[in-house]
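See structure below.
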Amino acid sequence: MSVASGRGTRLRLSEIFASIQGESTRVGLPTVFVRLTGCPLRCVWCDTEYAFSGGETRALDDILGMVASFGLRHVCVTGGEPLAQKGCLALLEALCDAGYSVSLETSGALDIAPVDPRVARIVDLKAPGSGEEGRNRGENIGHLRAGDEIKIVLADEADYLWARTQIAAHRLAERCEVLLSPVAGRLVPAELAEWIVRDRLPVRFQLQLHKVLWADARGR
Ligand code: SF4
């Protein structure tokens, strides 16, 4: 969809705020977060259940205006599952056209192919402990580019061993950056760090920096 045809687009917006990027290789960067409402998945450890419903419907141009008001260069479109809204593609394109450095956080369950190529796609690969392993869209792996990132959130050692197998089987680290994160309160971060070093896994360990800074405060 071109921006010209997408300008009449309306999206269901859960929240929009400025914060420090807590994940991905962009960690630490001041970023505007555009959180869209809705998600077709139900990961057992989901920390944004409040975004499953509610929010308000806003025109694409209004959202662009709100983003501009923060005066930041980096924008992260997240959810929920932002790609569940058709208008998300037009929003991403419009943000790129406006000159922002744009990232998208997506569950990996929906097609990432139509996303504007200027967007850095942070794509989840759901491990068994999420309860949503069956929703992984295998075709997405073939669409990954060097600027994208695969994120695997791990609840326990079984999830880690599963991730290790997936990384080898699909040569994920040769396609893009691979991020491994522990589920907060479920897997001791130091244990995951030790397994990664022990196995010489070609990944990046990450903790959710925003939780270190602000715990689970909403809008952070
Ligand atoms: S895909 Fe993301 S927003 Fe949806 S249930 Fe899973 S963790 Fe929550």
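Details
- The long axis of helix 189-198 is offset from the longest Cα principal axis of the chain by roughly 60 degrees.
- Spatially, the range 29-50 and the range 192-220 are offset by 17 Å when compared through their Cα centroids.
- Excluding same-chain neighbours fewer than eight residues apart, the aspartates and glutamates reachable from LYS211 by a Cα-Cα span under 14 Å are GLU23, ASP47.
- Looking at the chain alone, DSSP beta bridges between its own residues are antiparallel in about 30 percent of cases.
- With 5 Å bins from 0: P(r) over the range 90-220, alpha-carbon pairs, percent: 2, 10, 19, 21, 19, 16, 9, 3, 1
- Helix-only CD estimate at 222 nm, as mean residue ellipticity for the chain, using -39500 (n - 2.57) per DSSP H run (n ≥ 4): -7500 deg cm²/dmol
- The magnitude of the dipole of the range 84-125, with charges of +1 and -1 set on the Cβ of Lys/Arg and Asp/Glu and taken from the Cα centre, is near 20 debye.
- Relative frequency of Cα-Cα separations exceeding 32 Å in the chain, percent: 14 percent
- Which of HIS74, GLY54, SER19, positive extreme of dipole for the range 1-75 (C-beta unit charges): HIS74
- Each of SER130, SER101 was scored by other Cβ atoms within 10 Å of its Cβ. Listed from fewest to most, they are SER101, SER130.
- Ordering of 162-169, 211-218, 146-153 by burial proxy (mean other Cβ atoms within 10 Å per residue, highest first): 146-153, 162-169, 211-218
- Rounded to the nearest 10 degrees, the angle from helix 88-97 to the longest Cα principal axis of the chain is 80 degrees.
- Site pair SER69 and LEU29 shows an inter-label distance of 2.4 nm when each label is modelled 7 Å from Cα along Cα→Cβ.
- Residues ARG118 and LEU161, FRET efficiency given R0 of 35 Å [Cβ-Cβ distance, rounded to 0.05]: 0.45
- Convex hull volume per residue for the range 40-137, taking Cα atoms only, in Å³: 103 Å³
Values quoted throughout were computed directly from the atomic coordinates according to the rules given, and no laboratory measurement underlies them. Keep in mind that this is a model prediction, so the values were computed, not measured. FYI the Cβ positions are ideal-geometry reconstructions off the backbone, even for glycines, and counts take in every protein chain you see.
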